[in-house]
Amino acid sequence: MDNKRRVRPVIGNKRPPVNQSNYQRRPQSRPRRDNPNFNNRVNETNKVNKTYQNTNNFNPSFQEPKVTSSEAISKPPSKNRLLRLLLSILAVILALIILIIVYAKFSNLNPDLSGNIGLYNISSNAAAVASSHRIANIAVFGVDGRSDVEGDRSDTIIIGSADFEHNKLKVTSLMRDTYVEIADEDFFDKLNAAYTNGGPEESVKTINLNFDTAITDYVVFDFVALVHMVNSVGGVEINITDEDELYWLNQYLMDVNDKVGTADPEVTGIGPQLLTGSQALAYARIRYVGNGDFERTQRQRNVLAQVVAKVSAMNPIQQLNLIRSVLPFIKTSLRTSEIIKLALNFILMSNREIQQSRLPTDEYQSTGYLDDVSYVFPNTLVDNIVEWYHFVYEINYTPSETAREISEEIEETWY
């Protein structure tokens, strides 16, 4: 009989029953106790059990396992560590504050002007004075900005001086009808004609040429900017002197509301009044009460002085936020770093006394007509220059040769 396994064929999906007698069971191999491998396995098992029992019993000689660096990081920091971290942060903040103060206090507000003398019509005399003093002079132009008025006119011309030596803010109005030589044009005209001809750049050069200043930067604002600025400080308190001034304020207010898109109510009384932005703008535009344009410039300075006083009363965070909110409404030649430097110096000023002046001054000016056009004539221009330097720098100044020549030409024309 053949001992080979027989495999029955699979028919379809059914497998025929298996004859168990045809298969032989494979014997299971079991270790015998007399086998040395069996004894080794038993010994290893006993060792493991003993180790487990020892770890669950108290052992005086037992040592805790070492903590890894990752495990140490996961532990909560101690109070001493938190204190050291806090002190380190405070030290860094204090060092930054000290650096900011040193940068603001001792950095030069007027860098070397030698390269800008010809570009901005700055005399060597004016450049020397500006470079040796911590006083920043910026030209400020208020333009009409109305869509129904042809061309831009600088209705407001001011030199804003931040005197960080004497902790004073000084505002000098320049009469827009002042008879001056227009820079790069070689002819005389009203001061505000320079803005019409060449914008703020030509206006700055014209101011430097005639008044012997060393100005390189400017700020331009229109009606909307002034309204926003006054509203941002909560309005300004202005003394309405009489019924005539009140009447013309409300007359101008109708035009301002129409052009700016506001609906501010009329001012109802004389005396100290809290004015909104549009009301303050209408007040600053009055020119038919009192001494015409002379009192008009005084009203402009009154509004500006009130704004500066309110800004001075703010805390540093409020001041910086105000600057950020006003910047989109103005045009300026100042770089961001220069604005930050001036703002920091302003915040660090201890007094911020506000002083006002005007050019030409009452003492050194006269009015008249040339070819049926009214002008304000500086009498003399040299005297006005000396007065301005005494007001802003508080020094005795000798005007440049160019300024003296222009002054003589104005005298020959008018006197």
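The values are calculated or read from the model by the stated rules, or taken from the named source; none is laboratory data. Remember, it's a predicted structure, so these values are computed and weren't measured experimentally. Heads up, the Cβs are rebuilt from the backbone with ideal geometry, glycines too, and the neighbour counts pull from every protein chain shown.
Descriptive notes on the structure:
- A single entry from Val180, Val204, Val219, Val171 fulfils the requirement of being assigned to a strand (DSSP E or B), among the aliphatic types (A, V, I, L, M) and out of contact with any helix residue (DSSP H, G or I) (no Cβ under 8 Å at 6 or more places or on another chain): Val219.
- Meets criteria (in the same structural domain as Ile339 (by TED's automatic domain parsing), at pLDDT 95 or above and either in contact with an Asp or Glu (Cβ under 9 Å, 6 or more places away or on another chain) or surrounded by fewer than 18 Cβ atoms within 10 Å (Cβ to Cβ) (or both)) for Asn210: yes
- Arg146 vs. criteria charged (D, E, K, R), at pLDDT 70 or above and either surrounded by fewer than 18 Cβ atoms within 10 Å (Cβ to Cβ) or in contact with a strand residue (DSSP E or B) (Cβ under 8 Å, 6 or more places away or on another chain) (or both): no
- For region 320-350, the set of residues classified as more than 17 Å from Ile138 (Cβ to Cβ), part of a helix (DSSP H, G or I) and of a type in the set (S, T, N, Q) consists of Asn321, Ser325, listed by residue number.
- Residues of region 289-308 satisfying the condition of being on the phi < 0 side of the Ramachandran plot and in a loop (DSSP other than H, G, I, E, B): Val289, Asn291
- Residues located in region 348-361, provided they are in contact (Cβ under 8 Å) with a residue 40 or more places away in the chain and either over 15 Å from Ser161 (Cα atoms) or not assigned by TED's automatic domain parsing to the domain that holds His390 (or both): Leu348, Ser350, Pro360
- On the stretch given as region 115-137, residues that are at pLDDT 90 or above, of a type in the set (A, V, I, L, M, F, W, C) and touching a Ser or Thr at 6+ places or on another chain (Cβ under 9 Å) total 6.
- One residue from Asn351, Asn345 being buried (at least 16 other Cβ atoms within 10 Å of the Cβ) and either in contact with a Ser or Thr (Cβ under 8 Å, 6 or more places away or on another chain) or among the polar types (S, T, N, Q) (or both): Asn345
- If you check Lys310, Lys331 for being modelled with pLDDT of 85 or more, surrounded by fewer than 16 Cβ atoms within 10 Å (Cβ to Cβ) and more than 26 Å from Tyr247 (Cβ to Cβ), only one passes: Lys331.
- Of residues in region 257-294 being modelled with pLDDT of 90 or more and of a type in the set (Asp, Glu), the one farthest from Ser357 (Cα to Cα): Asp258
- Number of residues in region 282-296 that are surrounded by fewer than 18 Cβ atoms within 10 Å (Cβ to Cβ) and among the hydroxyl-bearing types (Ser, Thr, Tyr): the value is 1.
- Subset of region 250-281 that is surrounded by fewer than 17 Cβ atoms within 10 Å (Cβ to Cβ) and among the hydrophobic types (A, V, I, L, M, F, W, C) - its residue that is farthest from Asn231 (Cα to Cα): Ile270
- Of the candidates Leu304, Leu381, Leu322, the single residue that is crowded, with 16+ Cβ neighbours inside 10 Å and in the same structural domain as Lys190 (by TED's automatic domain parsing) is Leu381.
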